[in-house]
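The values are calculated or read from the model by the stated rules, or taken from the named source; none is laboratory data. Note that the structure is predicted; figures quoted are calculated from it, not measured. Every residue, glycine among them, receives a Cβ derived from its backbone with ideal geometry; neighbour counts consider all protein chains shown.
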Amino acid sequence: MAAAVLSMLLLLSTSDGAPEAAPFYKGVTVSCQTWGKEWQTPEMRQTLDELKSLGVNSFAIHPYARIGEDGQIVFRRVDDHRHVRAPLDWARERGLSAMVIPHLAHWGTKFTWRGEIDFASDAEWDRFFADYETWIVEMARVAEEHGAPIFSVGLEYTRAQKFEARWRKIIAAVRAVYRGKLTYGANWNAFAEVKFWDALDYIGVLAYFPLTTAENPSAAQLADAWEKHTDNLARFSAEQGGKQVLFVEVGYNESARAAVEPWKFEMGGENAAEIQQRCIESVLRFTGKHKWLAGMFWWKWFPELPDDDEENFRIQTPKIKAMIAEHWRNQ
């Protein structure tokens with residue numbers, strides 16, 4: 001059943017039976033404040049309903065495993081991964097597609113972000129890649145069984161991604177259990193360094209490109225700033241044989257420096273909300289505009305749980321919801 005649904009989503013056909021291109025992914029990442037138990041709650045179903053009402057046609061979730069400083073990766077199997085299975089099933093019921101993009105939890109280690117994951121010995125690297133393959137293949141199997149059309153084999157492993165042969169082995173192992181579209185999320189300043197794009201279906205980019213140092217930048221200034229990045233992405237896509245780029249993550253914090261350092265967690269400052277909104281709209285305007293762009297997944301949204309804490313990068317404000325609807329509901 002799941003395989004049939006997946007095939008239908010991935011291979012839409014024209015009247016003469018020829019395959020059509022997949023629709024533009026108008027996506028939002030639904031995040032969590034725990035290990036992901038939020039994704040199996042009634043509030044998650046309500047979240048999917050609301051996202052669909054805004055014109056969103058896809059969402060992403062990021063199940064976790066934990067990385068140790070010795071390269072060991074451990075993960076839990078709570079109720080046979082129900083926190084991943086349930087939202088994927090609910091998405092299909094609603095006609096939404098989904099991307100599963102597993103994350104390594106690095107907090108509590110010496111690694112301040114995933115790009116710093118690095119090891120001094122061959123034994124540690126061997127342990128890392130062996131454990132990583134076991135985990136990522138299991139996540140891919142869940143994604144296949146529950147009809148997720150996109151799966152990301154990793155993201156922002158800037159130091160680890162230099163091991164081309166090891167990543168090709170992982171990709172082949174994932175292909176053995178998963179028939180959907182594969183990507184990898186490279187950081188905005190490191191996607192050209194990845195040597196295995198030919199083995200994947202999309203060039204995945206975490207699109208936190210610095211835009212301008214101008215205080216309170218205008219919409220026109222942001223559009224001008226994006227032009228050099230879009231030109232570069234279009235050129236890179238062409239160099240890769242026309243393979244499309246997918247923004248597996250794009251977002252802006254409510255910060256006065258959102259356009260300067262979009263990746264920063266710090267919030268606040270003068271005109272912070274307005275700058276965040278302008279930055280978001282500057283990317284929403286890409287919808288359907290560039291042939292090289294397959295879509296985008298916004299970072300981030302949360303199920304509205306009673307004990308939900310305030311989070312950075314949250315985009316579910318009334319003004320941003322209205323902006324998403326304006327650009328996506330009727331396109």
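For segment 91-140, a residue qualifies if it is buried (at least 16 other Cβ atoms within 10 Å of the Cβ), closer than 22 Å to residue 28 by Cα and of a type in the set (D, E, K, R), and the qualifying residues are 92, 114.
Condition check ((1) touching a residue at least 12 places away in the same chain (Cβ under 8 Å); (2) farther than 22 Å from residue 245 by Cβ; (3) part of a loop (DSSP other than H, G, I, E, B); (4) not β-branched (Val, Ile, Thr)) across all residues:
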position: 282; (1), (2), (3), (4): yes, no, no, yes
position: 305; (1), (2), (3), (4): yes, yes, yes, yes
position: 313; (1), (2), (3), (4): yes, no, yes, yes
position: 327; (1), (2), (3), (4): yes, no, no, yes
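Every condition in (1) surrounded by fewer than 17 Cβ atoms within 10 Å (Cβ to Cβ); (2) touching a residue at least 60 places away in the same chain (Cβ under 8 Å) holds for residue 278 except the one numbered (1).
Among the criteria (1) touching a residue at least 60 places away in the same chain (Cβ under 8 Å); (2) in contact with a Cys (Cβ under 6 Å, 6 or more places away or on another chain), the one residue 258 does not fulfil is (1). Suppose the filter is of a type outside the set (A, V, I, L, M, F, W, C), surrounded by fewer than 22 Cβ atoms within 10 Å (Cβ to Cβ) and in contact with a Ser or Thr (Cβ under 9 Å, 6 or more places away or on another chain); does residue 55 pass it? No; evaluated as a whole, the condition is false for this residue. Which of the following residues is of a type in the set (Lys, Arg) and either within 27 Å of residue 245 (Cα to Cα) or modelled with pLDDT of 95 or more (or both): 77, 82? Result: 82 is the single residue among 77, 82 that is of a type in the set (Lys, Arg) and either within 27 Å of residue 245 (Cα to Cα) or modelled with pLDDT of 95 or more (or both). The condition of being within 21 Å of residue 158 (Cβ to Cβ) and out of contact with any strand residue (DSSP E or B) (no Cβ under 7 Å at 6 or more places or on another chain) holds for only one of 247, 209, 297, that being 209. If you filter segment 300-310 down to residues that are surrounded by 15 or more Cβ atoms within 10 Å (Cβ to Cβ) and out of contact with any strand residue (DSSP E or B) (no Cβ under 6 Å at 6 or more places or on another chain), you find that the one that is nearest to residue 250 (Cα to Cα) is 302. Residues that are of a type outside the set (A, V, I, L, M) and closer than 21 Å to residue 298 by Cβ do not occur anywhere in segment 159-175.
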